[in-house]
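Taking it in order: structure first as structure tokens, then the write-up.
The values are calculated or read from the model by the stated rules, or taken from the named source; none is laboratory data. Small disclaimer: the values here were computed from a predicted structure and weren't measured. No Cβ is skipped: glycine too gets one built from the backbone with ideal geometry, and neighbour counts run over all protein chains shown.
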Protein chains: 2
Amino acid sequence: MLTANDKKIAFGPEVELDGIPNLFAPQTVKPFTPPPSGIDNLGIVSTDTFMVPGVGEDTVDFKGWVRVARSKPTAEAWDGAEVYTNLIEMYMHGTSARFGEIIVRLQPEVLSTGMIRTPFGDSDRTQAAKACRMAVGAEFELPKLGMVLFNKEPIELTIDNVRSIPPAGNPGNGQIYNLLPLFSRDAPNTAPVAYLTSLKFQMGTYLTEDQLEGR
Amino acid sequence: MLTANDKKIAFGPEVELDGIPNLFAPQTVKPFTPPPSGIDNLGIVSTDTFMVPGVGEDTVDFKGWVRVARSKPTAEAWDGAEVYTNLIEMYMHGTSARFGEIIVRLQPEVLSTGMIRTPFGDSDRTQAAKACRMAVGAEFELPKLGMVLFNKEPIELTIDNVRSIPPAGNPGNGQIYNLLPLFSRDAPNTAPVAYLTSLKFQMGTYLTEDQLEGR
């Protein structure tokens, strides 16, 4: 893995990885309690719809894992605490009847970043649910079509009603307005060759190191 | 202005600028007719809401202009034609009671890109309205606060019901889910110092070269 400093593009602040613990199952997550910094190794499932002009559309179920580095919270109490995140590794796989197997990883040259904070409208409430957002640079490998697709505008993943960190079990959405262009690694500077048109996901719980299949 | 090749980040394809005409007022725009490539010099107004934690929120009316380079359409007929766009220059100014004067320009190191195409669900219809989207890297200069703010995730500007190109007069939205982080040029790698929480805009008509105030 490249370090953040080697990355060409960062969508937000880097989380310092030195000395922070790598957290595998089992873990106890306390509600309304900002946890110390760490790297969460979590399951994830996602249902993504791809449109390839001239080929067609398909909706694909993915399963895999993410590794999310979390910063030291900006406050010890839940209220007011902000946490910055980096998605440092991701692996998901799914199978499309139309496109064949699809493997999703992070773009090595992009730092995918996010944050967890209380929505501004709720910031006077105590124990308000927080909102989580992450801007992701992903790569979609489609061996059957001999293609690797990637996004240039980040895929914006959002999770609402965050009552514990990490928000294990929460559903989330990719904030896609109509379409998000995907480009081909073979011709990265030409027009998009495919589009993501919908993305819904759900965070899983902590995994053991052995469960990080495909790493 | 840097050329696209000098830019560190491109959110989409570059539009070739060599030899394409610079279009000022007056121009005749034909509905449902993909126009030849050109650079549109258009008015724009925008109403943006900024939240600066610890300082407060304000909604600011901006007025100014954009210069949008359009590619050769991918088809001569309206149906099926796609057009790629680069926002090559922007200038807007507004005044906030709280934050003082705000001047908006493009980030020189980012290629702000977009496209106009028929939404997939309407692609079998004739003379279907198209949708326009653009991913923008902007800079907000706040002289009173001595700050220059910029976004790292693109500001996603969308226009629906596009029946002519350019979509002069159409309203549009910034697709912001809760908040879009803004960073300070003085400390670009630290946490965001402000947020855009809402953005609504309206495209104006062609301007004369003299109307490009602040250029």
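Residues being touching a residue at least 60 places away in the same chain (Cβ under 8 Å) and out of contact with any Ser or Thr (no Cβ under 8 Å at 6 or more places or on another chain): count how many of those fall in segment A:195-215.
Selection size over segment A:195-215: 13.
Filter segment A:165-183 down to the residues that are on the phi > 0 side of the Ramachandran plot and within 14 Å of chain B (Cβ to nearest Cβ) and list them by number.
A:N178
Taking interchain pairs and intrachain pairs at least six residues apart, which have beta carbon atoms under 6 angstrom, with the first residue in segment B:35-50 and closer than 13 Å to B:H93 by Cβ and the second among the polar types (S, T, N, Q)?
B:V45/B:Q202
Give the residue that is surrounded by the most Cβ atoms within 10 Å (Cβ to Cβ), with candidates limited to residues of segment A:63-90 that are aliphatic (A, V, I, L, M) and more than 25 Å from A:G137 (Cβ to Cβ).
Among those that are aliphatic (A, V, I, L, M) and more than 25 Å from A:G137 (Cβ to Cβ), it is A:A81.
Mind checking whether some residue in segment A:74-84 is in contact (Cβ under 8 Å) with a residue 60 or more places away in the chain, among the acidic types (D, E) and touching a strand residue (DSSP E or B) at 6+ places or on another chain (Cβ under 9 Å)?
Checked against the condition, which is being in contact (Cβ under 8 Å) with a residue 60 or more places away in the chain, among the acidic types (D, E) and touching a strand residue (DSSP E or B) at 6+ places or on another chain (Cβ under 9 Å), segment A:74-84 yields no hits at all.
Suppose we filter segment B:120-151 for residues that are modelled with pLDDT under 95 and among the acidic types (D, E); how many remain?
2
Could you check segment A:66-86 and list, in sequence order, the residues that are in a strand (DSSP E or B) and under 13 Å from A:P35 (Cβ atoms)?
Selection gives A:V68, A:A69, A:R70, A:V83, A:T85.
Here is a yes/no grid of residues against (1) at pLDDT 95 or above; (2) surrounded by 20 or more Cβ atoms within 10 Å (Cβ to Cβ); (3) in contact with a strand residue (DSSP E or B) (Cβ under 9 Å, 6 or more places away or on another chain):
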site	(1), (2), (3)
A:T3	no, no, no
A:P13	yes, yes, yes
A:P53	no, no, yes
A:D58	yes, no, yes
A:D61	yes, no, yes
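For A:T113, all conditions in the list (1) in contact with a Leu (Cβ under 8 Å, 6 or more places away or on another chain); (2) in a loop (DSSP other than H, G, I, E, B) hold save one; what is the number of the exception?
(2)
Between residues in segment A:14-33 that are farther than 22 Å from A:A128 by Cβ and residues that are surrounded by 14 or more Cβ atoms within 10 Å (Cβ to Cβ) and at pLDDT below 95, which pairs lie under 7 Å by C-beta distance while being six or more apart or on different chains?
Qualifying pairs under 7 Å: A:E14/A:A4.
Taking into account only those residues within segment A:197-215 that are aliphatic (A, V, I, L, M) and under 13 Å from the mean Cα position of the chain (by Cα), which is farthest from the other protein chains (Cβ to nearest Cβ)?
Among them, the one singled out is A:M203.
So which residues in segment B:151-196 are of a type in the set (V, I, T), more than 13 Å from the chain's Cα centre (by Cα) and assigned to a strand (DSSP E or B)?
Once the filter is applied, which keeps residues that are of a type in the set (V, I, T), more than 13 Å from the chain's Cα centre (by Cα) and assigned to a strand (DSSP E or B), segment B:151-196 yields only B:V162.
Report whether or not A:L182 is crowded, with 21+ Cβ neighbours inside 10 Å, touching a strand residue (DSSP E or B) at 6+ places or on another chain (Cβ under 9 Å) and touching a residue at least 12 places away in the same chain (Cβ under 8 Å).
yes
Quick test for you: out of B:D48, B:D18, pick the one residue that is away from chain A (no Cβ under 14 Å), acidic (D, E) and surrounded by fewer than 18 Cβ atoms within 10 Å (Cβ to Cβ).
B:D18 is the lone residue from the list that is away from chain A (no Cβ under 14 Å), acidic (D, E) and surrounded by fewer than 18 Cβ atoms within 10 Å (Cβ to Cβ).
Report, by residue number, each residue of segment B:133-150 that is within 13 Å of the chain's Cα centre (by Cα), within 9 Å of B:Q107 (Cα to Cα) and either in a loop (DSSP other than H, G, I, E, B) or within 14 Å of chain A (Cβ to nearest Cβ) (or both).
Scanning segment B:133-150 gives B:V136, B:G137.
What residue, among those in segment A:118-132 that are part of a helix (DSSP H, G or I) and at the interface with chain B (Cβ under 10 Å from one of its Cβ atoms), is nearest to B:P181 (Cα to Cα)?
In this case the residue turns out to be A:F120.
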